[in-house]
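**Student:** I'd like to ask you about the structure that follows.
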Amino acid sequence: MKLKVRPEFFSPILGAFYFFYFALVGVYVIFMPKVLLELGYSTIEVGVIYAAAPFMRFLLPFIFRHYIALTPKVYILSLVLAVISTLLFLGTVKSFGLYLVANLLFGAAVGISLPYVETIALASLTKTSYGKIRLWGSLGFMGIALWLGKVLEVPYEALYYLNAATFLSLVFGTLLVRYDTTVHSAAQDDSAFSLSKYWAFWVSVFLMQVGFGGFYNFFTIYETSHGISLEMTSWMWSFGVVCEIVMLYFQGPLLQRNLLNILQFAILVTVIRWMILYLFPGSVPWTFASQSLHAVSFALYHTASITYVFSLYSQKKLAQQFFLGIAFGLGGSVGAILSGQIYGKNMFLVEACITFMAFAVLLVHQKRKEAAA
């Protein structure tokens with residue numbers, strides 16, 4: 001028997017999950033790369049470490065497609081494993097090999113939990129309501145950025161905050177299970193789900209996230225190396241999130257329009273964003289200007305993408321797993337390794353070129369889809 005979703009209870013719990021989940025993402029993305037450098041890691045080693053979790057996100061959808069159903073029990077297990085893996089970080093961070101293994105476990109855990117929650121949210125909320133609830137994730141990301149940017153002194157402190165945010169994600173994530181209205185069956189080899197049918201779209205999604213590699217993994221390092229303080233860099237991160245929040249709140253009407261045109265626009269804006277960082281690396285005003293574009297290059301692009309994927313496939317949870325797996329998984333993994341290799345003055349120029357390739361391939365997808373209609 002399906003449980004009817006009651007928004008007065010569902011929305012606050014969902015908002016709290018997003019808040020703490022993206023707070024842990026904030027610690028992991030903004031502060032841990034710099035922590036690793038302070039503990040003696042090289043930029044190449046940081047790139048490899050930050051390729052581990054995304055790579056697991058990429059592998060998981062193929063496993064779930066054939067062997068495992070994403071049931072509530074599997075979802076709760078993933079939340080528990082996320083907590084265990086962040087606890088393992090405390091004991092393994094000084095060993096590259098052991099810390100890499102812990103990151104693989106972490107990547108597997110978060111690669112399961114978010115697609116499960118996103119599918120519940122998209123199935124239960126309108127496009128406008130989704131953005132207004134999802135912005136709580138942005139608030140969590142921004143809040144931890146501002147707080148740790150001000151108080152972080154000892155590297156291990158970042159790990160303590162990561163542990164706490166992951167545990168609270170477990171608490172609120174568990175409460176969301178009652179709002180899953182999907183009928184779960186045993187895992188099946190679902191041959192009806194086709195990546196090749198829309199291959200150009202998936203290639204574009206992949207390239208877009210490869211282009212984000214330098215930003216997610218080296219933005220803090222890049223800016224502080226050009227004389228900008230860690231606290232100011234935290235404000236830059238937070239300003240980008242403020243712009244993201246504004247977009248999430250007001251983007252509902254935009255999502256009623258042609259989603260492919262929105263995606264193309266967002267990709268071109270991202271090209272401009274990376275070019276600004278390449279041309280003006282030590283400029284505080286120009287860097288804030290580039291961060292304002294996060295509203296389009298992340299918030300609008302991400303919501304339009306998951307909404308578009310939700311409309312393309314009948315296998316909703318699997319489709320969301322593949323989106324996160326190919327984008328933040330494979331794309332994030334390749335982007336992390338590549339950015340570790342090319343880190344330097346030309347990094348964002350290279351990423352601007354890669355992002356423009358994502359735009360070109362998305363045009364191919366649009367033409368193929370129009371021809372098939």
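**Student:** Could you check region 138-158 and list, in sequence order, the residues that are open to solvent by less than 20 Å² (accessible area, probe 1.4 Å) and modelled with pLDDT under 90?
**Tutor:** SER138, ALA145, LEU148, GLY149, ALA158
**Student:** A follow-up question, please. Can you name every one of the helices (runs of 4 or more DSSP H) wholly within region 205-284 that holds 1 or more residues which are touching a Cys at 6+ places or on another chain (Cβ under 9 Å)?
**Tutor:** Qualifying helices (runs of 4 or more DSSP H): 259-279.
**Student:** Of the conditions (1) on the phi > 0 side of the Ramachandran plot; (2) touching an Asp or Glu at 6+ places or on another chain (Cβ under 7 Å), GLY344 clears all except one; give me its number.
**Tutor:** So the condition that GLY344 fails would be (2).
**Student:** So, one more: I'd like to check something: does region 51-59 contain any residue that is more than 17 Å from LEU100 (Cβ to Cβ) and open to solvent by 40 Å² or more (accessible area, probe 1.4 Å)?
**Tutor:** Looking for residues that are more than 17 Å from LEU100 (Cβ to Cβ) and open to solvent by 40 Å² or more (accessible area, probe 1.4 Å), one finds none in region 51-59, hence no.
**Student:** Checking ALA304 against (1) more than 26 Å from TYR75 (Cα to Cα); (2) among the aliphatic types (A, V, I, L, M); (3) open to solvent by less than 10 Å² (accessible area, probe 1.4 Å): exactly one of these is not met. Which one?
**Tutor:** ALA304 satisfies all of (1) more than 26 Å from TYR75 (Cα to Cα); (2) among the aliphatic types (A, V, I, L, M); (3) open to solvent by less than 10 Å² (accessible area, probe 1.4 Å) except (1).
**Student:** Just to check your reading of the model, which residue among ILE68, ILE76 is open to solvent by 20 Å² or more (accessible area, probe 1.4 Å), among the aliphatic types (A, V, I, L, M) and either touching a Lys or Arg at 6+ places or on another chain (Cβ under 9 Å) or not in a helix (DSSP H, G or I) (or both)?
**Tutor:** After applying the criteria, what remains is ILE68.
**Student:** Taking THR92, is it surrounded by fewer than 21 Cβ atoms within 10 Å (Cβ to Cβ), without any contact (Cβ under 8 Å) to a residue 12 or more places away in the chain and touching a Leu at 6+ places or on another chain (Cβ under 9 Å)?
**Tutor:** Spelling it out, THR92 is indeed surrounded by fewer than 21 Cβ atoms within 10 Å (Cβ to Cβ), without any contact (Cβ under 8 Å) to a residue 12 or more places away in the chain and touching a Leu at 6+ places or on another chain (Cβ under 9 Å).
**Student:** Pick from region 315-334 the residues that are within 16 Å of ALA121 (Cα to Cα) and over 13 Å from the mean Cα position of the chain (by Cα): which of them is modelled with the highest pLDDT?
**Tutor:** Only one residue tops the list, namely ALA319.
**Student:** Scan region 95-116 for residues that are in contact with a Leu (Cβ under 8 Å, 6 or more places away or on another chain), crowded, with 22+ Cβ neighbours inside 10 Å and aliphatic (A, V, I, L, M) and report the count.
**Tutor:** Of the residues in region 95-116, 4 are in contact with a Leu (Cβ under 8 Å, 6 or more places away or on another chain), crowded, with 22+ Cβ neighbours inside 10 Å and aliphatic (A, V, I, L, M).
The values are calculated or read from the model by the stated rules, or taken from the named source; none is laboratory data. Computed from a predicted model, the values in this text were never measured in an experiment. Glycine gets a Cβ as well: all are built from the backbone with ideal geometry, and neighbour counts include every protein chain shown. Just the protein is used for accessible areas: all its heavy atoms, side chains included, with ligands, DNA and RNA removed. Shrake-Rupley method; radii C 1.70, N 1.55, O 1.52, S 1.80 Å.
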